[in-house]
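This report refers to the structure that appears directly beneath it.
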Amino acid sequence: MSVRTRDSLGGKAAIVGIGATEFSKDSGRSELKLAVEAVRAALDDAGLSAADVDGLVTFTMDTSPEITVAQAAGIGELSFFSRVHYGGGAACATVQQAALAVAAGVAEVVVCYRAFNERSGRRFGSGVQRREPSAEGAALGWSLPFGLLTPASWVAMAARRYLHTYGLTPDAFGHVAVTDRKYAATNPAAYFHGKPITLADHAASRWIVEPLRLLDCCQETDGGQAVVVTSVERARDLPHPPAVLTAAAQGAGRAQEQMTGFYRHDLTGLPEMSVVARQLWRTSGLAPSDVDVGILYDHFTPFVLMQLEEFGFCAPGEAAGFVAEERLPINTHGGQLGEAYLHGMNGVAEAVRQIRGTSVNQIPGAARTLVTAGTGVPTSGLILASDG
Amino acid sequence: MNSDGTAGEAADDADGEARALAYDALKAFEGRPAAQAGTGKDPVNEPMIRHWCEAMGDTHPAYTGADPIAPPTMMQAWTMGGLSGHEGRSDGYDELLTLLDGAGYTSVVATDCEQEYARALRPGDEITFDAVIESVSERKTTRLGTGHFVTTRMDIRAGGELAGTHRFRILKYAPARSKPKGKRPRPVINRDNAGFWEGVAAHRLLIQRCGGCGELRFPWLPGCNACGSPEWHTVEASGEGTVYSYVVMHHPPFPAFDPPYAVGLVELAEGVRIISNVIGVPYDKVRIGMPVRLDFQRMDEELELPLFRGLDGGAGVRADMGFTPSETAEAEAVSVAAEERAGEQLPVLEVPITRTLIVAGAIASRDYQDVHHDAELAKAKGSPDVFMNILTTNGLVGRYITDRFGPTAVLRKVAIRLGAPNYPGDTMTLSGRVETVATGPDGETSTVRVVGANGIGRHVTGTVTVTLPPGGAA
């Protein structure tokens, strides 16, 4: 069991291609078309063709089935297809699934993708007002009649408790927002390119759900992102330096819920990310000090702080100061606050660019990156490293 | 009127439902008499005093016995026209109201009442009064609608001697187009949790207890996370709890909710947590650690919810009432004992807002406006139900202060402003904080900042001046 022991997936697979559409507020085309464009762009980047692909992985939330993406992207027979659940928590897990398939010989080249018109189509931020009486619907149903209806509100409940426990004010969240927007300002692909913010801007932005302000919440985006996974051996023959999967993990905590984990523990941490962190450190044999860049899922700023604490970069309650002092470069693409909200997949791409040395905000000598997926939900994470 | 309408002023933003009037024409009414040589329909009398005290639940000893006085907050009641209408109202006031009616500002709501008492009224006192239109505001848009505030000032005399002054502010307005209010999202009920909602229907909050290991659990599930046992039974929650965390929803708006509003995560005394709304406390006064108690409230024909009422204003509220201590000119006269009292938080008074209280208060104050006794007509005017009149609120605030200051307390001044209406089924929690205390020849005079919070916000805010005569210990 990998919850308790080191797993053997590390070093078997690598990300060899990344590709994305433009990030916009209104793509003007279908989610399927965005997915196909991203998949083809990632294959081009990898120096591979549609004919090489025998596996596809996406999110259960994605509306474009593997078979339809294959059909429209010129991909033929598939021997592996899989979807991962729990919203943005799936991001790194799609790569883990691909690596598992590659390591087991079930597939040779697997493309992971996520594409949506999340801004011009169905906006997550507009909230939920009804659910079917499934087990999943019932879990969320406990919150709905009372008006706790949006992702921001679900995160804010824990954020309030975090501030209370550590004697902080909502300004503590501003450091994450400022850092993300600093990097986005120099990233031409970012929606907020050229638009840095200050702590004062953060503190002056309007409340969305107290204690979260507008600038604590990620943007909403139309776009698609794909990454290509294959074996490390094959990766060495391809154009870009491989980003080797040193460790990959999924994690769900005890009494886990999706966004509504109000009934367990003390609400000041992310137990599911602790499961991921323990596996990543154990399998990779690495420690926080070995990480050069962290790409930490940032749909809402408070959970970036809690992730830093769960991974052991700093002690509980100290992450705001840790971010303010820039002791670890984080979200060098601008994050989902600054670049785009692609359910975490654009973060995986940035982690690859840092390993390749091609990020617009390149950290010199970056050899190991940590990437995480959606928080507040069952989640996943990766450690990527340069080859050799 | 929407259900949490407050009559606070907002920037002018005409909604076009009523015709704009030339402000000069309205302004010209300022200074004109509103009532001239009015006389009370009845002299001050014990039956009306008793009816008032019964309606308000006021047991102050000064209002009964051999030589009773009338409750000071009752002052306006002696001037009211009652069912047969006003006499002595001047042409000027009627002209102004007719002008506003004609332009579409057909609704009226009282927003402020400020009374200063010069001398006590006793049975047998013959009441006369004069009133002047003090000011007419520019057109304002409030949550109720667009209109003009009209302030009158009345001098009330007993046997020709000034007994008190009464400043009264109404809003004459065109009701805001009321959007059909959406219903709250339904609970998601299935075979695993139906028992919880059956409990809610019977006004019981049921927690599952594992039949194997005895662990309590919430939310409802068909098995135990601690031991895996599928056996369970229920225990009824005591209803006591504390706020474990909370949020304030601002954006985006949803049809059934009026942001900002607070959603709480309540930790029950039994140790499990539940999401709910904290009621009886303004959204910005909810705090972690605040004690709360279960209350069931009906939201619509189909939905009843377990909600949690903040208790005694909550510890967190006491620490942060948001009041600014006012400057006091008599600072040097403040005694040591008095110094200790300034800042004191008075014990709260919870007033269940029953339909009977609303109607009894209206009748005791001789206010026969239909919105205070006839639910059908109130609804026709855009209100969800009947609502408490300002004179009853005034009486309740007076009662709260004399209850807290004891049998010798003498009310000197009561100034209140209304916000969220008191509808039947709600509870108003009156809290008070002593702002200043000064000792003079009359005794010890305190000013008390009073807030009455109900389920939808602040019903009343105000300041009361009360004197304890020398030797009259509270």
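Where a number appears in this text, it was derived from the coordinates with a stated rule and is not lab data. Note that the structure is predicted; figures quoted are calculated from it, not measured. All Cβ positions, glycine included, derive from the backbone under ideal geometry; neighbour counts span all protein chains shown.
Brief remarks on what is shown
- Taking every residue in A:253-262 and counting other chain Cβ atoms within 10 Å of its Cβ, the average works out to 2.
- Scanning the protein assembly as shown for cysteines with no neighbouring cysteine C-beta under 4.7 angstrom from their C-beta gives A:Cys92, A:Cys112, A:Cys217, A:Cys218, A:Cys314, B:Cys53, B:Cys113.
- Per-residue HN-Hα couplings for the range B:273-284 [Karplus 6.51, -1.76, 1.60; θ = phi - 60°; Hz; x = Gly/Pro]: 10, 8, 7, 6, 9, 8, 10, x, 9, x, 4, 8
- Share of pairwise Cα separations in chain B, more than 35 Å, in percent: 40
- Based on the convex hull around the alpha carbon atoms, the range B:212-315 presents an average projected area of 7.9 nm².
- Reported to the nearest whole Å, the Cα centre-to-centre distance from the range A:99-120 to the range A:314-346 is 25.
- Cα-based reach from B:Lys27 at 21 Å (exclusive), listing lysines while leaving out same-chain residues under 8 positions away: B:Lys140, B:Lys172
- By the Stokes-Einstein formula, at 0.692 mPa s and 37 °C, chain A with its Kirkwood radius over alpha-carbon pairs has D equal to 160 µm²/s.
- The mean number of Cβ atoms from other chains found within 10 Å of a Cβ in peptide B:185-195 is 6, as a whole number.
- The range A:238-300-the range B:199-221 distance, computed between alpha-carbon centres (Å): 33
- Count Lys and Arg as plus one, Asp and Glu as minus one, and take only other residues whose Cβ is under 12 Å from that of B:Leu396; the net charge is then -2.
- Under the shape rule built on the C-alpha gyration tensor, where the axes satisfy a ≥ b ≥ c, the protein assembly as shown is prolate, since a/c reaches at least 1.5 and a/b is greater than b/c.
- Relative counts (whole %) of C-alpha pair distances in the range B:362-474, using bins that are 10 Å wide: 14, 39, 27, 14, 5, 0
- Entries in A:Lys25/B:Lys181; B:Lys183/B:Lys379; B:Lys285/B:Lys413; A:Lys25/B:Lys183 that, when Cα-Cα distance is taken, lie over 22 Å: A:Lys25/B:Lys181; B:Lys285/B:Lys413; A:Lys25/B:Lys183
- Taking a sphere under 11 Å around the Cβ of B:Val132 and counting the other residues whose Cβ falls inside, with K and R at +1 and D and E at -1, yields a net charge of -1.
- The range B:396-432 and the range A:1-65 have Cα centres spaced 66 Å apart.
- Inter-chain shielding of A:200-211 (mean C-beta neighbours from other protein chains, 10 Å cut-off): 3
- Relative contact order of the range A:1-73, pairs being alpha-carbon contacts under 8 Å that are 6 or more residues apart, as %: 33
- Cross-link partners of B:Lys41 among aspartates and glutamates, defined as those whose alpha carbon lies under 19 angstrom from its own and excluding same-chain residues fewer than eight positions apart: B:Glu87, B:Asp125, B:Glu126, B:Asp130, B:Asp155, B:Glu161, B:Asp367.
- Computed from the Cα positions only, the extents of the range B:61-134 along the three principal axes stand at 52, 24, 23 Å, in decreasing order.
- The residues neighbouring A:Val109, those whose beta-carbon lies less than 10 Å from its own, together hold a net charge of -2 under the Lys/Arg +1, Asp/Glu -1 convention.
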